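Just so it is clear, none of the values below were taken in a lab; they were calculated from the coordinates. Small disclaimer: the values here were computed from a predicted structure and weren't measured. Here the Cβ positions follow ideal geometry from the backbone for every residue, glycine too, while neighbour counts run over all protein chains shown.
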Amino acid sequence: MDPAILLIQCLNAVQYGLLLFLVASGLTLIFGIMGIINLAHGSFYMIGAYMAFALQPLVAQYLGGGFVLTVLVCVVLATVLGYFLEWAFYSYLYTREHLQQVLMTYGLILVFEELRSIIVGNDVHGVPVPSWLAGSVRLGDVMTYPVYRLFISLVCILVAALMFWVLTRTRLGMMIRAGASNREMINSLGIDINRLFRIVFAIGVALAALAGAIAAPVSSVYPGMGNAVLIICFVVVVIGGIGSIKGAFLAAMLVGFVDTFGQVFFPAAAGVMVYLLMAAILLFKPEGLFKH
Amino acid sequence: MKKIFTHTALAAALALSAGSAFAAVKVGFMLPYSGTYAKLGEAIENGFKLYVQEQGGKLAGQEVQYFKVDDESNPSKGPENANRLIKRDGVDILVGTVHSGVAMALAKAANDSDTTLIIPNAGADAITGPLCSKNVFRSSFSNWQPGYAMGAVAAENGDKTAVTISWNYAAGKESTDGFKESFEKAGGKVIKHLTLPFPNVEFQPLLTEIASLKPDAVYTFFAGGGAVKFVQDYAAAGLKDSIPLYGAGFLTDGTLEAQGASAQGLQTTLHYADGLDTPRDNKFREDYIKNFPQLPPDVYAVQGYDAAQMLEAGLKAVDGDVSKKDAMRDAIRSAKIDSPRGEFTLSKAGNPVQDMYLRKVEGDKNQFVKIAVEKLADPARGCKL
């Protein structure tokens with residue numbers, strides 16, 4: 001393979017991996033720290049994307065517009081939604097079995113899909129790329145690379161760095177880590193664990209919605225978009241080790257590379273490559289790359 | 001979640017009291033009324049009913065009674081849903097459906113019960129190929145047809161090499177095989193067939209692959225959300241200006257609003273187009289808009305409309321007596337349908353022998369350019385009729 005093409009493929013892999021990380025990081029937080037299997041995580045991604053589509057004209061009308069502002073509004077609304085959902089539904093699940101968690105969160109998927117269908121309809125919609133990011137960079141002699149895709153990668157890297165910093169260097173991060181290892185103990189130390197978990201959940205939802213919102217201009221918005229993302233995100237979380245942000249990052253990159261080069265070199269087996277990777281890793285590291 | 005509507009035409013009762021020789025013709029719609037294809041199902045039903053309405057609410061002098069089942073585009077529920085119409089409602093004619101997998105199940109149920117089936121969309125080659133049957137007809141197309149037509153156009157444009165790309169499933173394979181057949185027959189060469197798993201939409205690695213192969217043209221089969229994203233990504237990767245993108249018509253049908261500028265100028269082949277500007281099509285469009293102002297007339301509405309025409313041709317031959325199944329089916333098979341798309345006949349296997357149009361995207365229209373291949377018949381490979 002031509003080295004220039006190889007480099008572009010690596011860029012594709014990194015870019016895909018980074019976006020996967022952004023969605024999966026929220027899932028691994030909720031799964032690992034709160035112990036909840038949240039099947040509705042893909043729906044939050046879908047909600048973010050549809051908000052980016054539906055809110056754009058409203059934001060333009062009332063707040064003066066702008067893509068960044070729209071994304072911010074999406075994230076704020078998603079945080080509020082996450083806070084509410086935790087209070088209304090998820091807070092009852094901590095002590096329940098996994099089966100009940102799966103049933104309820106699956107129910108939420110159906111509810112969100114139906115609401116989406118009622119509010120926005122079943123059509124595919126495009127979301128315009130903001131004009132200041134609409135250009136592209138020339139790579140090789142026929143190919144160009146959209147600047148917007150590079151922008152997505154940049155946002156993902158910033159969010160990853162921010163999360164890492166919050167979890168390892170701040171008081172909030174310390175409380176979250178402590179809460180994950182021993183709920184009762186941290187409660188008896190005078191920290192409101194319920195409120196803490198509510199915040200973690202809201203952050204998880206916001207991350208998924210952010211991923212959906214910034215991916216919307218390249219992915220377009222369509223029914224069922226959340227479900228496709230959900231499965232691959234669970235793969236990332238399981239490979240990385242449940243609850244580990246570092247693991248999720250590494251796993252997302254691995255999946256990005258395996259998927260990209262699988263499509264190029266083994267097109268017939270492209271659909272199973274990622275799952276083979278997962279099986280191979282679980283064989284040697286049953287708890288994922290990074291044990292929480 | 002299953003929605004079953006039973007519409008009993010009021011007129012049916014009147015016809016009976018008037019002492020007609022036969023009961024009303026029972027038509028069962030098995031179409032998607034929910035999910036991604038809901039709008040397509042609606043358009044097909046609208047088209048069918050529009051034709052019946054134009055005939056004064058009767059086909060060959062017979063009242064028509066409608067039954068509906070939502071197939072949810074779910075193949076695993078196909079047999080069950082088909083039997084609701086066949087066994088419970090006792091329909092004479094089945095009309096359905098959009099999804100190829102469901103249509104296969106429907107065709108099997110129709111064969112088992114010897115019910116006449118008219119398929120108003122699903123393009124699976126097998127239905128009018130190895131699985132063909134004397135009671136199964138199609139008012140739409142086979143996946144092979146648009147592909148074959150586009151291969152001929154590409155060769156005519158002077159393209160020597162091409163890459164085909166689609167999801168790794170039957171419809172994509174059938175369509176790209178059709179392209180390859182005519183393109184290579186005319187001296188071209190398909191240098192690579194790229195696939196990705198359905199419904200994956202991460203196209204970037206394959207677009208890079210196309211850029212490295214540098215073919216003269218790319219042929220693709222995608223529909224719905226995948227079509228929107230592929231067209232956008234193709235343009236964003238800077239390939240649109242250097243390597244022309246051809247597609248089966250579904251690439252740009254019902255998706256133009258979402259695709260925006262990235263779809264402008266794309267060429268696709270299908271058995272229907274905007275701007276045909278024939279008196280027949282203009283009349284159809286005008287009537288359709290008058291009756292269903294919320295949905296623009298499209299290829300799906302035409303397919304529904306023609307399904308009703310095919311049924312009428314069959315009923316006329318037997319004076320509306322649906323119990324004379326063989327005579328009715330022979331009449332449908334030999335009918336000449338005056339479709340808004342242009343006149344067409346049916347092949348032995350029951351698939352339309354029709355003109356395939358080359359269209360070009362202009363604004364929000366798939367504008368007619370020329371006839372790509374005249375009277376194209378599906379080869380019906382494997383059909384023993």
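Per residue of A:5-15, how many C-beta atoms from partner chains lie within 10 Å of its own C-beta, taken as a mean?
The per-residue average across the peptide is 3.
With unit charges on the beta carbons (Lys and Arg positive, Asp and Glu negative) and the dipole taken about the Cα centre of chain A, which residue among A:A269, A:L58, A:M175 sits farthest to the positive side?
Result: A:M175.
Calculate I(q)/I(0) for the stretch A:176-252 by the Debye formula, one identical point scatterer on each C-alpha and no solvent, and give its log10 at q = 0.14, 0.17 Å⁻¹ to two decimals.
So the normalised log intensities are -0.62, -0.83.
Taking the C-alpha atoms of the stretch B:30-132, how large are the radius of gyration and the largest Cα-Cα span, Dmax, in Å?
Radius of gyration, then largest Cα-Cα span, for the stretch B:30-132: 13.3, 38 Å.
If one puts a single equal scatterer on every Cα of the stretch B:264-368 and applies the Debye formula without solvent, what log₁₀ I(q)/I(0) results at q = 0.10, 0.19, 0.22 Å⁻¹?
Here log10 of I(q) over I(0) equals -0.34, -0.97, -1.15.
Assuming R0 = 30 Å, can you tell me the calculated FRET efficiency for the pair A:E287 and A:L7, based on Cβ-Cβ distance, to the nearest 0.05?
Rounded to the nearest 0.05, the efficiency is 0.30.
Would you report the distance distribution of C-alpha pairs in the stretch B:128-173 as whole percents per 10 angstrom bin, up to the bin with the largest distance?
Per 10 Å bin, starting at 0, the Cα pair percentages come out as 20, 41, 28, 11, 1.
Compare the Cα positions of B:G226, B:F137, B:Q204 along the charge dipole of the protein assembly as shown (+1 at Cβ of Lys, Arg; -1 at Cβ of Asp, Glu; about the Cα centre) and return the one farthest towards the positive end.
The one lying farthest along the dipole's positive direction is B:Q204.
From the C-alpha coordinates alone, can you work out the Kirkwood hydrodynamic radius of the protein assembly as shown, in Å?
For the protein assembly as shown, the Kirkwood estimate is 26.9 Å.
If you place +1 on the Cβ of every Lys and Arg, -1 on the Cβ of every Asp and Glu, and leave all else neutral, what size is the dipole of chain B about its Cα centre, to the nearest 20 Debye?
Dipole about the Cα centre, nearest 20: 640 debye.
Given Cβ point charges of +1 (Lys, Arg) and -1 (Asp, Glu) and nothing else, what value in debye, to the nearest 20, does the dipole of the stretch A:80-229 about its Cα centre take?
That gives the stretch A:80-229 a dipole magnitude of about 500 debye.
Taking 8 Å as the Cα distance limit and 6 or more residues as the minimum spacing, I'd like the relative contact order of the stretch A:1-107 as a percentage.
31 percent
So how do B:147-155, A:140-148 stack up, highest first, on mean other-Cβ count within 10 Å?
Descending packing order for the listed peptides: B:147-155, A:140-148.
Need one number: % antiparallel among DSSP beta bridges in chain B, to the nearest 5.
Within chain B, antiparallel bridges account for around 40 percent of the total.
For chain B, calculate the relative contact order in percent as a whole number, restricting contacts to Cα pairs under 8 Å that are 6 or more residues apart.
Relative CO of chain B lands at 18 percent.
Can you grab the distance from the C-alpha centre of the stretch B:231-307 to the C-alpha centre of the stretch A:185-226, Å, no decimals?
Here the answer is 39 Å between Cα centres.
Considering only DSSP beta bridges whose two residues both sit in the protein assembly as shown, what percent are antiparallel, to the nearest 5?
If I count the DSSP bridges inside the protein assembly as shown, around 45 percent turn out antiparallel.
Based solely on C-alpha atoms, express the radius of gyration and the Dmax of the stretch A:60-199 in angstrom.
Reported Rg and Dmax, both Å: 20.6, 64.
Which log10 I(q)/I(0) values does the stretch A:62-138 give at q = 0.26 Å⁻¹ under the Debye formula, counting every alpha carbon as one identical point scatterer?
-1.24
Can you give the charge dipole size of the stretch B:215-297 about its Cα centre, rounded to the nearest 20 debye, using +1 on the beta carbon of Lys and Arg and -1 on the beta carbon of Asp and Glu?
That gives the stretch B:215-297 a dipole magnitude of about 140 debye.
What is the distance in Å between the Cα centres of the stretch B:21-47 and the stretch A:237-259?
That distance is 47 Å.
What is the angle, in °, between the Cα long axis of helix B:38-54 and the longest principal axis of the Cα atoms in chain B? Nearest 10 is fine, range 0 to 90.
50 degrees
Please report, in cubic angstrom per residue, the volume enclosed by the convex hull of the alpha-carbon atoms of chain B.
Here the figure is 127 Å³ per residue.
Just counting partner chain Cβ atoms within 10 Å, what average do the residues of peptide B:228-237 show around their Cβ?
Mean number of neighbouring Cβ atoms from other chains: 5.
Which Cys residues of the protein assembly as shown have no other Cys beta carbon under 4.7 Å away?
Here A:C10, A:C74, A:C156, A:C233 come out as lacking a disulfide-compatible partner, given the Cβ-Cβ threshold of under 4.7 Å.
Let me know the mean shielding of A:213-222 by other chains, meaning the per-residue number of their Cβ atoms within 10 Å of its Cβ.
So the per-residue partner count for this stretch is 4.
Longest segment of chain B with no trypsin sites (Lys or Arg not before Pro) in a DSSP loop having at most 16 other Cβ atoms within 10 Å?
Result for the longest clean stretch: B:161-323.
How would you rank B:247-260, A:278-291, highest first, on the average number of other Cβ atoms within 10 Å across their residues?
So the peptides B:247-260, A:278-291, ranked by packing, come out B:247-260, A:278-291.
Please determine, in degrees from 0 to 90 and to the nearest 10, the orientation of helix B:299-317 with respect to the longest principal axis defined by the Cα atoms of chain B, where the helix direction is its Cα long axis.
The helix B:299-317 is inclined about 40 degrees to chain B.
Please state the Cα pair-distance histogram of the stretch A:1-142 with 10 angstrom bins from zero: what percent is in each bin?
9, 30, 30, 21, 9, 1
Can you give me the Cα centroid spacing of the stretch B:154-222 and the stretch B:55-85 in angstrom?
Rounded to whole Å, the Cα centres lie 37 Å apart.
State whether chain A is rounded, prolate or oblate according to the following rule on the C-alpha gyration tensor (a ≥ b ≥ c being the square roots of its eigenvalues): a/c under 1.5 gives rounded; otherwise a/b larger than b/c gives prolate, and the remaining case gives oblate.
oblate
Can you tell me the mean projection area, over all orientations, of the convex hull of the stretch B:82-238's alpha carbons? Units nm², please.
10.1 nm²
Listed here are the pairs B:K240/B:K365; B:K160/B:K192; B:K316/B:K384; B:K316/B:K336; which of them are more than 23 Å apart at the Cα?
B:K316/B:K384
With label points built 7 Å along Cα→Cβ from the Cα atoms of B:S113 and B:F198, find their separation and express it in nm.
Label-label distance for B:S113 and B:F198, simple model: 2.6 nm.
Give B:K173/B:K324; B:K108/B:K375; B:K39/B:K375 a once-over and call out the pairs whose C-alpha atoms are over 31 Å from each other.
From B:K173/B:K324; B:K108/B:K375; B:K39/B:K375, over 31 Å: B:K173/B:K324.
With θ taken as phi - 60° and the coefficients 6.51, -1.76 and 1.60, list the Karplus ³J(HN,Hα) couplings across the stretch A:218-233 in order, rounded to whole Hz; mark glycine and proline as x.
9, 9, 6, 10, 8, x, x, 5, x, 5, 4, 6, 4, 5, 5, 5
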